[in-house]
Amino acid sequence: MNNVRKIDLKGMTSTQMVEWIASIGEKPFRAKQIRQWIFQHGISDFEQMTNLSKTLRDRLNSCAYVTDINEVSRQVSRDGTIKLLLKLWDGLTIESVWIPDGDRGTLCVSTQVGCKLGCKFCLTGDSGFTRNLDAGEIVDQLMQVRKSLKVTNIVFMGMGEPLDNYENVLQTLRIFTEQDTALLGARKITLSTAGVAPGIAQLANDFPKIKLAVSLNAADDQTRSKIMPINKKYPLAKLVAALKKWPLPAGRLITFEYVLLSGVNDSDEDARKLVRFAGKLPCKINLIPYNPCPHLSFKRPGKKRIARFSKILTDSGLMAFPRDSRGADILAACGQLRGVVENAV
Ligand code: SAH
Ligand code: SF4
């Protein structure tokens, strides 16, 4: 289906929907009916919206659509983690990952096909950038997955840099948390960024109710710029300045993700730098042993090194959590996720 000139009703907030329905000459209650079909019943086909007249359904078909992503495949890990491959309307594919943890089910959503930021250790970054996902496509990852799996939390930690697709991500946050969609509370959402400083400052203004995670991966500019080119544009001082504007509720912390790369950022000295850096902000550290990716030359440090690094952090009073890489059996290709997601939600 070519949707290029049509408007996606799954990507609209309730206010926008009321305005849009008025703009095509329909009554406001129609907006409510359509949203009930979309968000409560999970219906994307106008023909199945049986309380709408045939004339209205034809009208909707001619000028609008409701994003309906297709699940292509799912891989189930030994530990219950499920990786879903989803196909977009133009044939491109993205991944969403569902991670069970007791009563909780956390869904990790993608925000872009690929990523422009090109972090050297990341397979998504290595594959380059194809396009942004629109709000309907991000929202629909949740809508599709919750048909068969319980989702209590969302993390923006899949493919792409959320703050490099700012407007669509903001729109998604609004839709997720609107009362009539009944999808999620803001405190159940964690957004992870590689450190797009102006985006953090903007989000602090537009939508500060969610939790924030930052992929730090090195606590000095030289090392960080080598592995995360975004650091050249927004070095650590700028990142800290933006994070200081983030309005943390009392007792809440920013999560720093730190992927341990053997010989790159895992020395005792690196740990001490991280201690000094972390002292600048109320935070906790999520230590993630690198998940080796094909074509990329980085290595995961040995267990002893990881334990030693972690001990330096905790001895200095930092909240640091080393993570194993459960789900790694199915996530190797993506090189991310499970370890990153735990403890951030
Ligand atoms: N672009 C955002 C959101 C993606 S989160 C960001 O970078 O924060 C993806 C997380 O996985 C990041 O913390 C990243 O540092 C981590 N990551 C990427 N490749 C990895 C790998 N091979 N092994 C372990 N973690 C990885
Ligand atoms: Fe993009 Fe995040 Fe991967 Fe860096 S780590 S390339 S920002 S997805």
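Taken over region 168-280, the convex hull of the Cα atoms encloses 112 Å³ per residue.
What the phi angles of region 68-82 give under the Karplus curve with 6.51, -1.76 and 1.60, with θ = phi - 60°, is a coupling list of 9, 6, 9, 7, 8, 7, 9, 10, 10, 7, 3, 8, x, 5, 10 Hz, glycine and proline written as x. So which of Lys238/Lys273; Lys147/Lys303; Lys27/Lys211; Lys120/Lys303 end up more than 29 Å apart, counting from Cα to Cα? Where the Cα-Cα span goes over 29 Å, the pairs concerned are Lys147/Lys303; Lys27/Lys211. Treating each Cα of the chain as one equal point scatterer and applying the Debye formula with no solvent, the log10 of I(q)/I(0) at q = 0.07, 0.08, 0.10 Å⁻¹ comes out as -0.31, -0.40, -0.60. Here Lys232 and Phe29 are evaluated by their C-beta separation; at R0 = 45 Å the FRET efficiency comes out at 0.30.
The percentage of C-alpha pairs in region 1-75 whose separation is greater than 20 Å is 26%.
Close amide-amide hydrogen proximity is noted between Ile7 and Ala64, Tyr65, each under 5 Å apart and 5 or more residues distant or on a separate chain (H modeled in the peptide plane; Pro and chain starts excluded).
The share of C-alpha pairs in region 108-218 whose separation exceeds 22 Å stands at 28 percent. Within region 42-179, antiparallel bridges make up roughly 85 percent of the DSSP beta bridges whose residues both belong there.
Rounded to the nearest 20 debye, the dipole size of region 100-228 about its Cα centre is 300 debye, using +1 on the Cβ of Lys and Arg and -1 on the Cβ of Asp and Glu. DSSP assigns beta bridges within the chain; of those with both partners inside it, close to 45 percent run antiparallel. When the accessible area of the chain is split by element with a 1.4 Å probe, what percent falls to carbon and sulfur? Ligands and nucleic acids excluded, carbon and sulfur give 52 percent. Cross-link reach is defined here as a Cα-Cα straight distance under 12 Å, omitting same-chain residues fewer than 8 places apart; for Lys32 the aspartates and glutamates meeting it are Glu19, Asp180.
With protein chains left intact and a 1.4 Å probe, residues in region 1-114 average 49 Å² of accessible area per residue. Evaluated over the Cα positions of region 183-247, the convex hull gives a direction-averaged projected area, one quarter of its surface, of 4.5 nm².
A DSSP coil position with no more than 11 other Cβ atoms inside 10 Å describes the following trypsin sites (Lys or Arg not before Pro) in region 89-175: Lys147.
The values are calculated or read from the model by the stated rules, or taken from the named source; none is laboratory data. This structure is a prediction, so every number in the text was calculated from the model and none was measured. Glycine gets a Cβ as well: all are built from the backbone with ideal geometry, and neighbour counts include every protein chain shown. These accessible areas exclude ligands, DNA and RNA; they are computed on the full protein's heavy atoms, side chains included. Shrake-Rupley method; radii C 1.70, N 1.55, O 1.52, S 1.80 Å.
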